[in-house]
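Q: The structure under discussion is supplied below as structure tokens; questions concerning it will follow.
The values are calculated or read from the model by the stated rules, or taken from the named source; none is laboratory data. Remember, it's a predicted structure, so these values are computed and weren't measured experimentally. When we count neighbours, we look across all protein chains shown, and the Cβ atoms used for this are built from the backbone with ideal geometry, even at glycine. The accessibility values were calculated without ligands, DNA or RNA, using every heavy atom of the protein model including side chains. Shrake-Rupley method; radii C 1.70, N 1.55, O 1.52, S 1.80 Å.
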Amino acid sequence: MAKSGLMCKIGPSVLNANLAELHNESQRLLDSGADYLHLDVMDGHFVPNITFGHPVVKCLRTKITDAFFETHMMVTKPEQWIEPMADAGVDQYTFHVETCNDVPFVCRKVKEAGMKVGLALKPGTGVEAVQQYIDQADMILVMTVEPGFGGQKFMRDMMGKVHWLRQNYPDLDIEVDGGVGLSTIEACAEAGANMIVSGTAVIGAEDPGKVIATMRDIVEGSIQKCQLER
Ligand SMILES: O=C(CO)[C@H](O)[C@H](O)COP(=O)(O)O
Ligand SMILES: [Fe+2]
């Protein structure tokens with residue numbers, strides 16, 4: 001039996017939380033069992049919405065020193081924010097290939113700045129847009145909503161991309177983001193996603209810890225099943 005190091009990781013998004021309480025809300029999610037924080041950065045150009053940038057992330061880092069921070073960069077110029085985000089204490093810099101003229105250059109710069117590289121795909125972008133760069137990335141993010149807003153409906157037809165990536169790259173970290181919760185996690189797990197972003201479904205839950213634990217059980221079950229079949 002082939003052995004894989006694939007791990008399930010649950011990374012809540014604070015996008016729809018009360019951002020006046022960013023530190024407390026983030027800490028509550030980590031105390032509820034989150035493995036990392038998914039921080040949605042929007043510039044009002046790449047997506048029709050604005051959230052926060054590196055100054056806010058830097059402040060949050062002074063309060064939360066030990067958690068893994070991923071920034072999901074929904075910005076027109078991903079190369080512009082590499083240094084500021086590294087300085088803010090970001091661990092993984094996930095940027096969209098649609099807006100990037102030179103993906104290998106940005107991957108290299110992100111690594112040189114000491115961060116992991118995530119490559120993100122909008123729903124309309126096929127996996128062929130990242131295929132040639134997979135060896136330069138630590139993770140591929142398959143968006144399951146149009147980026148820009150939390151609380152949207154999960155796009156089930158994105159699972160074909162996740163499945164294709166998992167079939168071809170058994171040990172790759174594959175993240176899903178958008179509309180993921182208890183009613184959609186099985187589809188994500190069966191397709192092969194191992195990094196799960198969940199915003200509204202976790203933030204709005206009476207017991208976020210229970211939602212995170214249930215999603216983890218389902219994803220870990222799929223990873224085990226997949227390993228047994230290999
Ligand atoms: O990148 C995003 C939106 O562009 C968010 O991460 C995502 O939408 C999470 O929120 P929800 O689970 O509520 O959909
Ligand atoms: Fe996101």
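Q: Suppose we keep only residues that are over 16 Å from the mean Cα position of the chain (by Cα) and in a helix (DSSP H, G or I) within segment 86-103. Which one would you say is farthest from residue 47 (Cα to Cα)?
A: This residue is 87.
Q: Answer yes or no as to whether residue 44 is at positive phi, more than 15 Å from ligand 2 (Cβ to nearest atom) and more than 16 Å from the chain's Cα centre (by Cα).
A: For residue 44, the condition - at positive phi, more than 15 Å from ligand 2 (Cβ to nearest atom) and more than 16 Å from the chain's Cα centre (by Cα) - is met.
Q: Can you find even one residue in segment 99-118 that is closer than 19 Å to residue 193 by Cα, within 16 Å of ligand 1 (Cβ to nearest atom), in contact (Cβ under 8 Å) with a residue 24 or more places away in the chain and of a type outside the set (Val, Ile, Thr)? Before you say what the answer is, go through the steps one by one.
A: We begin by selecting, within segment 99-118, every residue closer than 19 Å to residue 193 by Cα; these are 116-118.
Among the residues that remain, those that are also within 16 Å of ligand 1 (Cβ to nearest atom) are: 118.
Going one step further and asking which of them are in contact (Cβ under 8 Å) with a residue 24 or more places away in the chain, we end up with 118.
Still in the running and of a type outside the set (Val, Ile, Thr): 118.
Within segment 99-118 (the criterion being closer than 19 Å to residue 193 by Cα, within 16 Å of ligand 1 (Cβ to nearest atom), in contact (Cβ under 8 Å) with a residue 24 or more places away in the chain and of a type outside the set (Val, Ile, Thr)), the answer is yes, since at least one residue qualifies.
Q: Pairs needed: first member in segment 143-171, within 17 Å of residue 16 (Cα to Cα) and assigned to a loop (DSSP other than H, G, I, E, B); second member anywhere, open to solvent by less than 50 Å² (accessible area, probe 1.4 Å) and of a type in the set (Phe, Trp, Tyr); C-beta distance under 6 Å; at least 6 residues apart or different chains.
A: 144/154
Q: Quick one: which of 201, 187, 191, 205 is within 15 Å of ligand 1 (Cβ to nearest atom), modelled with pLDDT of 95 or more, more than 24 Å from residue 18 (Cβ to Cβ) and of a type in the set (Gly, Ala, Ser)?
A: 187
Q: Can I ask one more? Condition (residue is out of contact with any Phe, Trp or Tyr (no Cβ under 7 Å at 6 or more places or on another chain) and within 26 Å of residue 168 (Cβ to Cβ)) applied to segment 54-73: is it met by at least one residue?
A: yes
Q: If I ask for residues that are open to solvent by 10 Å² or more (accessible area, probe 1.4 Å) and of a type in the set (Gly, Ala, Ser), which ones from segment 145-177 would you list?
A: Residues satisfying the conditions are 150, 151, 160.
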